[in-house]
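The block underneath contains the structure these notes are about, expressed in structure tokens.
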Amino acid sequence: MTTQLDLTCDGCGQIAGAEHLARRFRRLEWATRYRPVHIQALILGGIAPQLDGEFLYAPDGEFRGEAGNILRAAGVSTEGKARETVLAEFQKLGLMLTHVLQCPLEDGVAASQARELMERRLGAVVTRIRRSLKPKRVVLISRELSQVAEKLGGADLGCPVWPSAGAPFQSSTSAGEEEVRALRTALEGG
């Protein structure tokens, strides 16, 4: 008789079975491949996108949703280029994308639970930014981070946090041109 052992995922704090953990490790491997040596801007989202096609570092598919908007804001064209080429250009700019919750929410997780998960993960995220990633600046994207933006701005990250006040930049498919321009300015450090 085999027993299913569910663990707490270290990337999101959710109860995780084997499938959840396999997906986490796969996405971690994809992202690590394109981590810059020196991170100019760490782009920090709230919750990793549900679809691999919207996950920036996925090896297949088109750059849609969050991934497409971030590339557009960074000034990285995808037209006529292999996915690896696009991601290498993004990496050469010194840009890296990560999320407070590095895994998508499991079915049935309510918004209040998501906020609680983010609150619990914040200490580990701050430590990772300060000790391991060491970016020159952190750029907050996604509305989910508005709940914890003040805490991130007040944390000792060793670098400035953009935007310094107000709501984080919108990175979803509903982001308009003005939002993309503002994100581009933050990515450039201006």
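The values are calculated or read from the model by the stated rules, or taken from the named source; none is laboratory data. Note that this is a predicted model, so its numbers are computed, not measured. Reconstructed Cβ throughout: ideal geometry from the backbone, glycine too, with neighbour counts over all protein chains shown.
Here are some notes:
- Hey, A175 out of contact with any Pro (no Cβ under 7 Å at 6 or more places or on another chain), under 18 Å from A48 (Cβ atoms), surrounded by 12 or more Cβ atoms within 10 Å (Cβ to Cβ) and at pLDDT below 85 or not: yes
- The residue of segment 60-110 that is modelled with the lowest pLDDT, among those that are of a type in the set (D, E, K, R), in a helix (DSSP H, G or I) and in contact with a helix residue (DSSP H, G or I) (Cβ under 8 Å, 6 or more places away or on another chain), is E66.
- Residue in segment 111-134 that is modelled with pLDDT under 90 and of a type in the set (S, T, N, Q) present: yes
- Members of segment 8-59 that are among the aliphatic types (A, V, I, L, M) and not in a loop (DSSP other than H, G, I, E, B): I15, A16, A18, L21, A22, L28, A31, A41, L42, I43, L44, I47
- Matching entry among V100, V109, V138, V86 (being over 14 Å from I43 (Cα atoms) and either touching a residue at least 40 places away in the same chain (Cβ under 8 Å) or exposed (fewer than 15 other Cβ atoms within 10 Å of the Cβ) (or both)): V109
- Boolean, L93 is among the aliphatic types (A, V, I, L, M), surrounded by 15 or more Cβ atoms within 10 Å (Cβ to Cβ) and in contact with a strand residue (DSSP E or B) (Cβ under 9 Å, 6 or more places away or on another chain): yes
- Residues being over 15 Å from A182 (Cβ atoms) and either touching a Ser or Thr at 6+ places or on another chain (Cβ under 6 Å) or of a type in the set (G, A, S) (or both) are represented in segment 156-164 by at least one member.
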